[in-house]
Protein chains: 2
Amino acid sequence: MELVRIGMIGLGNMGTGHAKYLINKEVKGAVLTAVCEPRPDRLEWARENLGPDVQLFENLEEFLSSGAMDGVLIATPHYDHPDVAIRAFQHGLHVLCEKPAGVYTKQVREMNTAAAASGKVFSMMYNQRTNPLYTKLKDLVSSGELGEVRRTNWIITNWYRSQSYYDSGGWRATWAGEGGGVLINQDPHQLDLWQWTIDMMPKRVRAFCYFGKHRDIEVEDDVTAFVEYENGATGLFVTTTGEAPGTNRFELSGDRGKIVVEDGKLTFWRLRQSEREFNQTFRGGFGSPECWKCEIPIEGQETGHKGITQNWVDAILNGTPLVAPGEEGIKGLMLSNAMLLSTWTDNWVDLPIDEELFYHHLQEKIKTSKAKKNEAYRTFEV
Amino acid sequence: MELVRIGMIGLGNMGTGHAKYLINKEVKGAVLTAVCEPRPDRLEWARENLGPDVQLFENLEEFLSSGAMDGVLIATPHYDHPDVAIRAFQHGLHVLCEKPAGVYTKQVREMNTAAAASGKVFSMMYNQRTNPLYTKLKDLVSSGELGEVRRTNWIITNWYRSQSYYDSGGWRATWAGEGGGVLINQDPHQLDLWQWTIDMMPKRVRAFCYFGKHRDIEVEDDVTAFVEYENGATGLFVTTTGEAPGTNRFELSGDRGKIVVEDGKLTFWRLRQSEREFNQTFRGGFGSPECWKCEIPIEGQETGHKGITQNWVDAILNGTPLVAPGEEGIKGLMLSNAMLLSTWTDNWVDLPIDEELFYHHLQEKIKTSKAKKNEAYRTFEV
């Protein structure tokens with residue numbers, strides 16, 4: 001294969017963006033050959049803007065069976081991601097999926113199984129994994145510069161959303177429509193980076209979610225989550241859409257000092273000697289290890305969605321390692337599912353979570369949801 | 001009365017400091033007339049350094065009955081604060097007490113009752129209440145500049161203590177000796193300021209304390225506490241003695257913006273229009289209120305212990321309002337007791353706490369404590 005033929009599924013905000021850079025040939029080795037979209041107005045947009053070489057489909061099954069593409073880029077509503085991906089794998093297609101991986105891990109686990117069975121290249125649109133702030137952070141942790149991680153506090157409260165934003169679509173911020181609030185809609189990147197940069201998942205979670213606290217919505221719009229890791233480290237994840245201006249500050253503490261990522265900068269307070277070593281040898285009263293404030297250079301740019309699509313295409317053509325393997329999408333989702341479950345049960349939740357229990361709770365929420373999944377939201381008959 | 005005669009109880013680190021500025025006449029209207037201290041070496045120091053006009057006592061009852069003073073400054077170990085204060089009130093003496101107010105609120109409540117019955121001037125050594133960073137913060141909150149408070153996150157992890165610090169005294173970091181760890185020994189000022197600056201106590205607490213996590217000690221050296229307030233606001237208090245360099249960052253979010261106190265600076269991200277008002281009138285998609293980053297001037301100096309002693313003396317002589325009324329010492333202690341109780345019961349704790357239950361748990365800890373309260377620690381036969 002010299003050129004990967006890509007089929008685009010969904011022409012909402014995200015899908016339209018993907019289609020544009022693909023049609024402009026901004027991804028090497030890739031060509032947009034088909035689009036699937038059930039909404040007439042979006043299909044009309046495609047007809048006018050994507051040219052005669054792109055086949056247009058309303059029906060997903062016809063699209064997947066058309067033979068018009070080698071891989072699909074999925075940009076449907078959240079709930080559909082796993083179902084659509086599974087069907088694509090069954091048709092022998094490579095898959096690049098928008099985040100979140102899905103709404104509940106049970107569903108995403110089935111997607112991962114289908115991906116593994118297919119042997120196709122599966123990637124997740126975690127473009128923030130190319131953000132040099134976080135690649136540098138991951139570098140400092142994995143290379144041992146920070147030492148063993150002891151604390152990970154992420155305050156990510158700068159996702160301000162007004163009531164008018166929520167009112168702009170009947171499916172928004174509903175259990176049936178989107179399957180959650182700030183965790184599923186705004187935080188997928190941070191939930192991924194939180195565990196990806198340190199290469200550790202928590203072992204248990206105690207979270208405090210508030211539903212419709214700041215806005216007239218049924219899902220969570222304010223969350224504080226406390227986690228414990230296997231090595232004894234602890235962490236916090238604080239998020240909301242209800243505060244202005246909010247904060248985006250990720251602080252990590254380790255045996256060799258402290259890192260803060262904030263305002264586009266990464267600052268490393270580096271201990272000259274590890275804390276453990278200092279503690280073992282110090283014989284005085286109030287002393288502490290010598291500490292250097294280091295401003296760490298951040299070079300390069302986040303490559304954005306295009307960069308992840310390029311990486312996926314390169315993986316298909318040349319076996320390039322994936323930046324964001326699709327199977328890893330379950331990790332961030334597991335964290336957000338665990339936070340909701342901990343709130344609903346008002347108790348600790350061990351990881352991996354009880355997926356059936358979460359699914360059961362979610363179904364209860366969907367039953368009483370203001371948005372009816374099948375009417376207001378679902379765009380594909382999968 | 002033109003001159004308040006002060007008796008100093010305890011000549012440890014703190015008491016010695018108080019005695020020095022008093023003997024140097026750095027507090028107007030006050031004179032040091034007596035000292036009570038059971039340790040021969042400290043009494044010898046007093047004999048050599050405080051001059052012939054200061055009466056020296058080994059026995060607390062003789063000291064309190066001597067008629068040598070109008071008020072006492074208590075700088076004994078924590079457990080003794082309430083007992084000594086109660087006896088001083090019973091002798092008709094004014095009291096200025098070192099923080100913490102005590103180790104458990106049940107005991108401190110008795111102290112407050114005795115204070116009220118005595119009609120004497122009772123103050124707590126909360127010198128950080130004179131720190132212009134926090135008086136300015138309190139000003140911005142109480143004047144309405146910040147708007148209704150919605151979140152209060154204090155990360156106070158820069159209390160580094162090595163094992164050798166803990167090993168320097170057998171009573172240190174023991175249940176019988178000090179009655180707790182980082183909460184009772186390092187954090188009293190922050191626990192006071194956390195509620196004093198916003199004039200709100202939480203309504204319930206869910207905390208996660210770790211005991212001897214970083215050091216070979218029996219008490220808590222790592223705490224993350226989540227709180228809810230009556231108005232729906234939430235907060236976090238994160239503290240440890242085991243990290244270097246640690247952080248001291250107090251972030252408050254309100255209806256009119258956000259305040260961060262860190263690195264000796266107070267920054268106010270001020271919304272031009274309140275968030276509530278913006279949300280009610282905004283009709284677009286992703287907008288947020290206009291926000292100004294304001295660097296707030298911090299003028300003056302923290303007056304230190306001397307300033308609080310001066311204020312107490314002024315209150316005795318002229319009825320000057322107290323900066324830190326003694327009765328308020330129970331608030332910060334209530335928070336730290338609640339955090340321990342929440343951990344011991346692995347559950348929420350409503351405020352005010354069940355004081356008998358906390359006392360019961362504490363007694364259990366004392367029973368198995370490595371330090372024996374009566375042998376290793378207690379310096380006064382109260």
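The values are calculated or read from the model by the stated rules, or taken from the named source; none is laboratory data. What you see is a predicted model, and the numbers here were worked out from it, not measured in a lab. Methodologically, a virtual Cβ is constructed for each residue, glycine included, from the backbone with ideal geometry; neighbour enumeration extends over all protein chains shown. Remember, those area values only see protein heavy atoms, side chains included, never the ligands or the DNA or RNA. Shrake-Rupley method; radii C 1.70, N 1.55, O 1.52, S 1.80 Å.
Summary table below
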item: Cα-based convex hull, region B:59-202, per residue volume (Å³, whole number); result: 147 Å³
item: Interatomic Cα distance distribution for chain A, bins of 10 angstrom, percent; result: 5, 22, 30, 25, 12, 4, 1, 0
item: Surface accessible to a 1.4 Å probe, residue A:61 within the full protein complex, Å²; result: 70 Å²
item: Amide proton proximity set for residue B:168, modelled H, under 5 Å, gap of 5+; result: none
item: Computed E for residue B:90/residue B:263 - FRET, C-beta separation, R0 41 angstrom, nearest 0.05; result: 0.35
item: Reciprocal mean inverse distance between Cα atoms of the protein assembly as shown - Kirkwood radius, Å; result: 28.9 Å
item: Whole-Hz ³J(HN,Hα) from phi, Karplus 6.51 cos²θ - 1.76 cosθ + 1.60, for region B:213-224, glycine and proline x; result: 6, 9, 10, 7, 9, 9, 9, 6, 10, 7, 9, 10
item: Solvent exposure ordering (accessible area, 1.4 Å, most first) of B:314, A:199; result: A:199, B:314
item: Where A meets B: accessible area buried, both sides, 1.4 Å probe, Å²; result: 4300 Å²
item: Highest-first arrangement of A:27-35, B:208-216, where packing means the average Cβ count within 10 Å; result: A:27-35, B:208-216
item: Rough spin-label spacing in nm, given labels placed 7 Å along Cα→Cβ, for residue B:216 and residue B:47; result: 3.8 nm
item: Region B:235-297, Cα convex hull volume normalised per residue, Å³; result: 115 Å³
item: Using distinct alpha-carbon pairs, which all enter the 1/r mean, Kirkwood radius of region B:223-382 in Å; result: 20.8 Å
item: Euclidean distance between Cα centres, region B:251-276 to region B:111-130, Å; result: 32 Å
item: Along each principal axis, Cα extent of region A:139-287, largest first, Å; result: 63, 30, 30
item: Peptide B:164-176 - average C-beta neighbours from other chains (10 Å radius); result: 2
item: Compactness index (Cα Rg / 2.2 N^0.38 Å), region B:68-109; result: 1.08
item: For chain A, share of DSSP beta bridges that run antiparallel, in % to the nearest 5; result: 65 percent
item: Semi-axis lengths (Å, descending) of the ellipsoid that matches the C-alpha gyration tensor of region A:50-124; result: 21, 14, 10
item: 20 Å Cα-Cα threshold exceeded, pairs from A:99/A:331; A:106/A:367; A:213/B:258; A:293/B:293; B:28/B:99; A:265/A:293; result: A:293/B:293; B:28/B:99
item: Degrees, to the nearest 10: B:329-345 long Cα axis against longest axis of chain B; result: 70 degrees
item: Compactness of region A:16-63 as Cα Rg over 2.2 N^0.38 Å, two decimals; result: 1.11
item: Under the Karplus curve 6.51 cos²θ - 1.76 cosθ + 1.60, θ = phi - 60°, whole-Hz ³J(HN,Hα) for region A:97-102, x wherever Gly or Pro sits; result: 10, 5, 8, x, 4, x
item: Among A:149, A:171, A:188 the positive-end extreme of the charge dipole of region A:142-192 (Cβ point charges); result: A:171
item: For region A:61-67, 3J(HN,Hα) per residue [Karplus equation, 6.51 cos²θ - 1.76 cosθ + 1.60, θ = phi - 60°, Hz, x = Gly/Pro]; result: 5, 4, 4, 5, 8, 6, x
item: Total charge dipole magnitude, the protein assembly as shown, about the Cα centre, Cβ charges on Lys, Arg, Asp, Glu only, Debye to nearest 20; result: 580 debye
item: Rg(Cα) / (2.2 N^0.38 Å) computed for region B:269-347, rounded to two decimals; result: 1.92
item: 222 nm mean residue ellipticity, helices alone, for chain A (DSSP H n ≥ 4; -39,500 (n - 2.57); rounded to 500); result: -10500 deg cm²/dmol
item: Region A:121-241 - accessible surface per residue (Å², probe 1.4 Å); result: 24 Å²
item: Calculated on alpha-carbon atoms, Rg and Dmax of region A:177-231 in Å; result: 12.8, 40
